[in-house]
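Some notes on the structure that comes next.
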Amino acid sequence: MSPGEAGARRVSMTHRPSLSMGSNGVMMPSKKVASTSEMASAIKTQTPEAVAEALLNSEGDYVEGLKDALDQFCLRLRNHIVLKRELLSELEIVKLFNHIASIKNFNSILYHDLVALYDQGPEILLQNLGSTMGKFTPVRT
């Protein structure tokens with residue numbers, strides 16, 4: 001899988017959030033406000049597999065969301081240029097979305113590395129998580 005195929009990988013999670021109707025009419029995951037002690041307890045009761053799956057799914061969702069945003073906004077803005085109803089110039093589009101594209105590419109590579117570790121087993125992902133994240137974290141001295 002290439003780094004750009006973020007949405008292609010989805011691990012099965014044993015727990016799926018319940019959905020409720022959002023204010024915009026779209027079904028959204030229900031959000032439960034939890035206390036710090038409830039969150040700490042929930043973390044302690046998670047299996048390593050569930051933690052690895054949640055991490056992988058979260059990163060995949062993040063990359064897919066960035067990709068969708070770039071595709072939707074840049075494509076529409078560029079279509080306006082083609083239709084001679086320019087809202088922003090190509091240079092302005094690049095300036096506006098270049099950082100988001102860089103973040104998407106960066107996180108796509110991270111996601112790809114995490115998937116490769118997960119494919120060896122959830123425990124391998126968790127054992128190598130620190131060193132993998134270290135490769136993507138700038139060192140400050």
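In this entry, region 48-141 is assigned a mean projected area of 7.7 nm², taken as a quarter of its C-alpha convex hull surface. Couplings 3J(HN,Hα) of region 103-118, computed from phi: 5, 4, 5, 4, 6, 5, 5, 4, 4, 4, 5, 5, 4, 4, 5, 4 Hz, in residue order, whole Hz [Karplus 6.51 cos²θ - 1.76 cosθ + 1.60, θ = phi - 60°; x for Gly and Pro]. Karplus-derived 3J(HN,Hα) values for region 83-100, using 6.51 cos²θ - 1.76 cosθ + 1.60 with θ = phi - 60°, are 7, 6, 10, 4, 9, 9, 6, 4, 4, 5, 4, 4, 4, 5, 10, 4, 5, 5 Hz; glycine and proline are entered as x. Across region 53-64, coupling constants 3J(HN,Hα) worked out from phi with the 6.51/-1.76/1.60 Karplus curve, θ = phi - 60°, read 5, 5, 4, 5, 5, 5, 5, x, 5, 4, 5, 5 Hz, and Gly and Pro carry x. Over region 48-141, Cα pairs under 8 Å with separation of 6+ residues give a relative contact order of 37 percent.
Every read-out reported here was derived from the displayed coordinates using simple, explicitly stated rules and does not represent laboratory data. Note that this is a predicted model, so its numbers are computed, not measured.
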